[in-house]
Each structure stands twice: as structure tokens, then as C-alpha cells.
Amino acid sequence: MNEHFERRAVFIASLPSDDPERIAAEAHAAECATCRRALDLGARLARLIHRAFVPAPLAPERLLKSAALVESELLRERRTERAIGAAVAGAVALAWIFQISLDLSTASTVPGRVVVSLGVLAAAIVAVVVSKKRRGMALAALIATSGLLAQAAGSVSALEPTIGAQCTLWEVVSAAIPWGVAALVSRQGRAEFTRADMMTIAAGGALASQAAQHLTCPVWHADAHLLIFHVGGVLLALLLGALGPHTRPRAQAA
């Protein structure tokens with residue numbers, strides 16, 4: 001390099017020591033006092049700029065304090081998530097109790113039917129508290145469980161539309177119990193529920209009602225009635241759940 005580089009001294013000083021342009025500039029500066037002074041000043045300025053952008057290391061006690069604060073916040077969020085999950089699961093169980101209470105005096109106590117009813121209720125509770133990453137699987141499981149219950153219980157051909165309308169209505173009303181709990185929590189800003197979450201929660205409440213109707217419905221063994229009004233009630237609740245308040249998930253922090 002034979003030409004002067006005073007105006008580019010900072011740039012050259014910031015280049016790696018083995019860069020060809022810097023090597024040529026240093027060779028020129030060895031014979032040019034003006035460029036040598038400019039290169040020295042450029043090197044000092046480059047060091048100052050580098051120091052300004054490199055944060056000072058934190059003291060060990062400050063690192064420990066920051067880590068403790070982060071851990072405390074994570075634990076608080078986990079406790080809140082568990083509490084909300086328990087509240088929604090409890091609301092699904094409450095939907096089952098509500099449906100049973102409507103016809104408590106005529107509810108069946110046959111052990112086999114009671115076991116099936118409680119098993120379906122358990123499936124509904126698991127579906128609403130399952131990881132958000134598996135919401136699609138949870139929805140599919142709710143619909144499949146509803147259909148399997150109707151298919152397994154149906155043994156005679158009957159529709160009974162008057163009773164069926166009531167069955168569907170009570171399933172939707174029961175679905176509103178956990179759906180309402182989730183909507184309240186969402187409006188208070190204590191948790192975020194996506195549309196899929198709200199659909200799953202509503203369908204879970206309806207399935208809990210269907211499980212209870214396995215004990216209380218007077219035509220619990222009528223196949224057409226079960227498929228149209230009981231399974232249909234779960235599907236209707238699922239669709240209505242999509243109308244509830246929902247939020248988009250926040251970006252996950254690194």
C-alpha cells in the first residue's frame with residue numbers, strides 16, 4: 001500500500017492482525033510518520049469502541065441473585081398453571097355432578113354403568129389438562145370417546161327426539177361450566193387460552209355430561225338417540241367453544 005490511509009485508520013486498526021490490508025497498511029506506516037500516528041490513534045479508538053460494547057462481568061453475588069429471581073418467577077408461573085389446570089379439571093367434574101343432580105333420584109347404580117361413566121369422566125378431565133402441544137390429539141380423543149360410548153351403549157333402535165333435545169341442551173349447559181371458568185381466567189389475564197383450548201374445554205364439559213347421562217338418560221341404550229343427541233351435543237359444544245374468548249400464545253422466551 002503506497003497511498004495514505006489517515007481517513008481509514010480506525011477501520012484498518014479494527015481488522016484482524018493477519019488481514020492483508022492491515023499488513024500492507026502497517027508496512028506503509030513504518031515508512032510514513034503521518035499514517036503511523038493515524039494508525040496508532042485508530043487502534044486506541046478501536047479499543048475504546050470495543051470496550052464500550054462489551055458488558056462488564058457481573059459479580060458472582062449478582063449472578064446468584066438474578067438466577068434466584070428467575071427461578072422464583074418460573075416457579076410462580078408453574079404454580080399458577082397448575083392451579084388453573086386444577087380449576088378447569090374441577091369444573092369438568094362439576095359438569096358431571098350437575099348433570100347427575102338433574103335426575104339424581106332415577107340415576108342408575110349398576111356397577112358396570114357407574115364404572116363406565118366415571119372412566120369417561122376421567123378421560124374428559126385428562127383431555128382438558130393435557131399439554132397445549134397435544135390439543136389436536138385431545139380433541140380427537142374427546143370425539144372418539146363420545147362416539148365409542150354411544151356405540152357401546154346402543155342396543156336398540158330408537159330416536160326419542162323430545163328426550164334427545166333435552167339431552168343435547170343439558171350437554172351444552174354443562175359444557176358452559178368449565179368454559180365459563182376458562183373465559184373468566186382469560187379475561188382476568190391470569191392465563192392464555194387459544195381457540196383450540198376453549199374448544200377442548202367446552203367439549204370436555206359436554207363429554208362429562210354425556211358420561212353422567214349414561215346413568216340418568218331414560219333411553220341410554222338407544223343407538224340413534226345416542227349418536228344424534230349425545231355425540232351431537234359434544235360436537236355442538238366443541239363448535240360453540242370456538243366462540244369463546246381466546247388469545248394467541250405469547251412468544252416463548254429464550
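Keeping to the stretch 183-215, report how many residues are crowded, with 20+ Cβ neighbours inside 10 Å and closer than 20 Å to Ala140 by Cα.
16
Whether any residue in the stretch 5-28 is at pLDDT below 80, basic (Lys, Arg) and under 53 Å from the mean Cα position of the chain (by Cα) is what I want to check.
Within the stretch 5-28 (the criterion being at pLDDT below 80, basic (Lys, Arg) and under 53 Å from the mean Cα position of the chain (by Cα)), the answer is no, since none of the residues qualifies.
Exactly one condition in (1) part of a helix (DSSP H, G or I); (2) touching a residue at least 12 places away in the same chain (Cβ under 8 Å); (3) not hydrophobic (A, V, I, L, M, F, W, C) is false for Ser108; which is it?
(1)
Would you check if Ser157 is hydroxyl-bearing (Ser, Thr, Tyr) and touching a strand residue (DSSP E or B) at 6+ places or on another chain (Cβ under 8 Å)?
Spelling it out, Ser157 is indeed hydroxyl-bearing (Ser, Thr, Tyr) and touching a strand residue (DSSP E or B) at 6+ places or on another chain (Cβ under 8 Å).
Which pairs have Cβ atoms under 7 Å, sit 6 or more apart or on different chains, and link a residue in the stretch 159-181 that is farther than 26 Å from Asp197 by Cα to one that is of a type in the set (Phe, Trp, Tyr) and buried (at least 24 other Cβ atoms within 10 Å of the Cβ)?
Within 7 Å, the pairs are Gly164/Phe229.
Does Val219 satisfy the criteria of being touching a Leu at 6+ places or on another chain (Cβ under 9 Å), farther than 30 Å from Glu77 by Cβ and in contact (Cβ under 8 Å) with a residue 24 or more places away in the chain?
yes
Against the definition (more than 15 Å from Ser209 (Cα to Cα), touching a residue at least 60 places away in the same chain (Cβ under 8 Å) and part of a helix (DSSP H, G or I)), how does Leu139 come out, yes or no?
For Leu139, the condition - more than 15 Å from Ser209 (Cα to Cα), touching a residue at least 60 places away in the same chain (Cβ under 8 Å) and part of a helix (DSSP H, G or I) - is met.
For the stretch 152-165, state whether one or more residues are within 20 Å of Leu243 (Cα to Cα) and in the same structural domain as His230 (by TED's automatic domain parsing).
No, because not a single residue in the stretch 152-165 is within 20 Å of Leu243 (Cα to Cα) and in the same structural domain as His230 (by TED's automatic domain parsing).
Yes/no per residue for (1) touching a residue at least 60 places away in the same chain (Cβ under 8 Å); (2) more than 30 Å from Gln210 (Cβ to Cβ); (3) over 33 Å from the mean Cα position of the chain (by Cα); (4) not assigned by TED's automatic domain parsing to the domain that holds Ser17:
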site: Pro60; (1), (2), (3), (4): no, yes, yes, yes
site: Leu64; (1), (2), (3), (4): no, yes, no, yes
site: Gly85; (1), (2), (3), (4): no, no, no, yes
site: Ala91; (1), (2), (3), (4): yes, no, no, yes
site: Trp96; (1), (2), (3), (4): yes, no, no, yes
site: Ser101; (1), (2), (3), (4): no, no, no, yes
site: Gly112; (1), (2), (3), (4): no, no, yes, yes
site: Ala127; (1), (2), (3), (4): yes, no, no, yes
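The values are calculated or read from the model by the stated rules, or taken from the named source; none is laboratory data. Remember, it's a predicted structure, so these values are computed and weren't measured experimentally. Don't worry about glycine lacking a Cβ; one is built from the backbone with ideal geometry, like all the others, and counts go over all protein chains shown.
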